[in-house]
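Comments concern the structure below.
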Amino acid sequence: MTPSTPDVPPAIPTADSPAAVPPVLAEVVRSGFTEGRHRGSLVLLGADGRVELALGDADAPVFPRSSNKPMQAAAVLRAGLDLSGERLALAAASHSGEAFHLDLVRTMLAEHGLTESDLRTPPDLPLDRVEAEAYLAGGGTRDRILMNCSGKHAAMLAASALNGWPKDSYLDPDHPLQRLVLTVIEEAADEPVPAVGTDGCGAPLMAVSLTGLARAFRHFVLAAPGTAERRVADAMRAHPEYVAGTRRSDTWLMREVPGTLSKMGAEAVQAVALADGRALALKIDDGGVRALGPVLARALELLGVEAEVVGRIGRAPLLGGGVEVGEVRAAF
């Protein structure tokens, strides 16, 4: 008689176990040789909101970075600030630092009795390389208004001034406006925020899962007209060049695929929602932005998006001696 074998509980995955290693989302191929790989997580939602594809751990919390900006912009509207059009798009922006961006930030500040010295953004150069090179060639130095989040900060300051809230502490997580941001994010993502950090611009940074982030973007495009969420989505989609810039993929995608809401974040985060509620969110683990375009393009293809802009976003050539010798390409 063979003795029975006691039930052995399954091993609990750890950070070092194979089960916890995210999948490869992109390969770096040079001269036919795969010289590197980018791992990460991704989730696709169908029009009904159900998960159609999840790679990696789409339910683990991440810092969405600037992909949280639509929710932050909705919070300033809920705080009573009357923004619309280009101003509201700029409140949700990671702008390139082009002249029309900076002019409108200055206008927004002046309209609410504020100045550039009220901004708590760190001094920076324009986010767009072309703009940065031109600015430096003209003798420019780092400035607070050049930081890509200055439109968001101008809106936060204006909302604080409107409500009589402290302006010097508008970036404190306990500030009334930041507590309102937390509420908007939790409602839109339909999950609690498990961690709060500090973003590159100094603003509080609320973590959610990639699934929650995709749900939030879906919520914004499907929200009832006139709500804060829908007003933000409509402004971003109508004025995408103010959300990003003239040479940026978010602008291209919102301009060329009608009804699309798109916002990237630092450390290779991206969230997109289509007009019918299909949505995606992704994060490249190592923050490799060069992998973002190819992975985003493949995810859009899997969502059924057929547009020339998808191929343009997905191109990430590698050069050797000034000549294209390879590419970063999606691996799923």
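The values are calculated or read from the model by the stated rules, or taken from the named source; none is laboratory data. Model, not experiment: these values are computed from the prediction. Note that we place each Cβ from the backbone using ideal geometry, even for glycine, and neighbour counts take in every protein chain shown. Note: accessible area is taken over every heavy atom of the protein model, side chains too, but ligands, DNA and RNA are not part of it. Shrake-Rupley method; radii C 1.70, N 1.55, O 1.52, S 1.80 Å.
Cβ neighbours within 10 Å, averaged per peptide: list 129-139, 77-87, 315-325 in order, most packed at the top. Write out the running numbers ahead of the final one.
Working: 129-139: 13.0, 77-87: 17.5, 315-325: 10.9.
Those peptides, ordered most packed to least, come out 77-87, 129-139, 315-325.
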Each residue of the stretch 301-308 in turn: what ³J(HN,Hα) in whole Hz from Karplus with 6.51, -1.76, 1.60 and θ = phi - 60°, glycine and Pro shown as x?
4, 5, 7, x, 7, 10, 7, 4
Expected 222 nm ellipticity per residue - DSSP helices of 4 or more, -39500 (n - 2.57), all of the chain, to 500:
-10500 deg cm²/dmol
Count of Lys pairs (Cα-Cα under 18 Å; at least 8 positions apart or interchain) in the chain
6
As a test question: what accessible area, to the nearest 10 Å², does ASP276 have when a 1.4 Å probe is rolled over all protein chains in place?
70
Put a dot 7 Å past each Cα toward the Cβ at ALA99 and ALA307; how far apart are the dots in nm?
2.9
Using amide H atoms built in the peptide plane, which far-off residues or other-chain residues are under 5 Å from VAL208 H to H?
VAL62
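Quick one: order GLU52, GLU27 from most to least accessible surface, probe 1.4 Å. Before the final figure, lay out each step's value.
On the way: GLU52 120, GLU27 50 Å².
Heavy-atom accessible area, descending, gives GLU52, GLU27.
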Karplus 3J(HN,Hα) series, Hz, for the stretch 93-101 with 6.51 cos²θ - 1.76 cosθ + 1.60 (x for Gly, Pro)
9, 10, 6, 7, x, 6, 4, 5, 5
Please give the charge dipole size of the chain, origin at the Cα centre, charges +1 on K and R Cβ atoms and -1 on D and E Cβ atoms. Round to the nearest 20 debye.
280
Once you place label points 7 Å from the Cα toward the Cβ at ARG247 and ARG37, how far apart are they in nm?
3.3
Restricted to Cα positions, what overall size does the chain have along the principal axes? Three whole-Å values, descending.
87, 53, 34
Which residue fluctuates most in the GNM of the chain (Cα springs below 10 Å): LEU280, LEU104, LEU205?
LEU104
